[in-house]
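Values quoted throughout were computed directly from the atomic coordinates according to the rules given, and no laboratory measurement underlies them. Since the model is a prediction, treat every value here as computed from it, not as a measurement. We place every Cβ from the backbone using ideal geometry, glycine too, and count neighbours over all the protein chains shown.
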Amino acid sequence: MKIKLLTSFVVLLLIVFALAGWSCTQKIDLEPNKEGLDSLSILENATVNEIQTYLASFKGEKPVLVNIWATWCLPCVEEFPYIMKLKEKHGEAFELVFISADFEEARAEATNFLKEQGVDFTTFFKQGKDNNFIAGISEKWSGAIPYTLILDKHGATHTEWEGKADYQDFEKALLYVIE
């Protein structure tokens with residue numbers, strides 16, 4: 001009986017060691033697939049100069065609504081669906097540009113928030129010193145968020161405001177420049 005028990009134990013140990021050895025030889029793919037990386041590109045790093053160049057690319061074509069927000073800003077989060085509703089309703093008539101003012105450690109949270117809101121277009125993640133960024137966006141902007149800027153199709157500032165707005169405020173300002 002002892003020999004049979006000992007033999008069973010040895011066989012069990014051999015099986016365990018064989019499985020352990022086999023699992024160590026399996027290649028684990030730690031590289032994210034390229035398709036997964038592409039889906040993360042909705043939040044791109046951008047300096048104020050890069051954003052201004054991007055905004056200027058729509059001059060003569062269509063109006064632009066710029067919204068600067070952050071996940072830690074409750075009014076920003078509350079008004080975000082209003083802006084997305086405008087995009088859904090009037091999407092081709094204007095360009096929508098979101099700029100995240102989140103801190104680097106909240107980048108993943110910002111990306112997840114954008115996906116949850118149905119954002120499937122490129123948005124920007126603010127880079128550079130706050131004061132330079134603020135001054136580069138608008139002389140009238142104090143740096144408070146949410147901040148909204150609406151440019152007409154000629155690239156001129158039609159209106160801008162700090163603080164949360166409701167759907168009707170956004171739509172009224174936007175319809176004025178859509179013509």
Got a sec? Charge dipole of the stretch 36-179, +1 on Cβ for Lys and Arg, -1 for Asp and Glu; which of Gln168, Asn45, Thr111 is way out at the positive end?
-> Gln168
When the label point is put 7 Å from the Cα of Thr157 along its Cα-to-beta-carbon vector, which residues of the stretch 73-95 have a backbone N closer than 16 Å?
-> none
Gain on full stretching of the segment that runs from Ser142 to Ile178 - 0.36 nm per residue minus C-alpha separation = 10.3 nm
The stretch 127-167: which GluC sites (Glu not before Pro) are DSSP loop and have at most 11 other beta-carbon atoms within 10 angstrom?
-> Glu139
If r is the Cβ-Cβ distance from Lys62 to Gln117 and R0 is 25 Å, what FRET efficiency results, to the nearest 0.05?
-> 0.70
Potential extension, Thr53-Phe103 segment - 0.36 nm per residue separation minus Cα distance | 15.7 nm
Sorting His154, His90 on the 10 Å Cβ count, fewest up front, what's the list?
-> His154, His90
Are there chymotrypsin sites (Phe, Trp or Tyr not before Pro) in the stretch 92-152 that DSSP puts in a loop and that have at most 15 other Cβ atoms within 10 Å, and which ones?
-> Phe103, Phe121
Among the lysines in the stretch 70-156, how many pairs, 8 or more places apart or on different chains, have alpha carbons under 26 Å apart?
-> 14
What are the principal axis extents of the Cα atoms in the stretch 87-179, in Å, biggest first?
-> 40, 32, 23
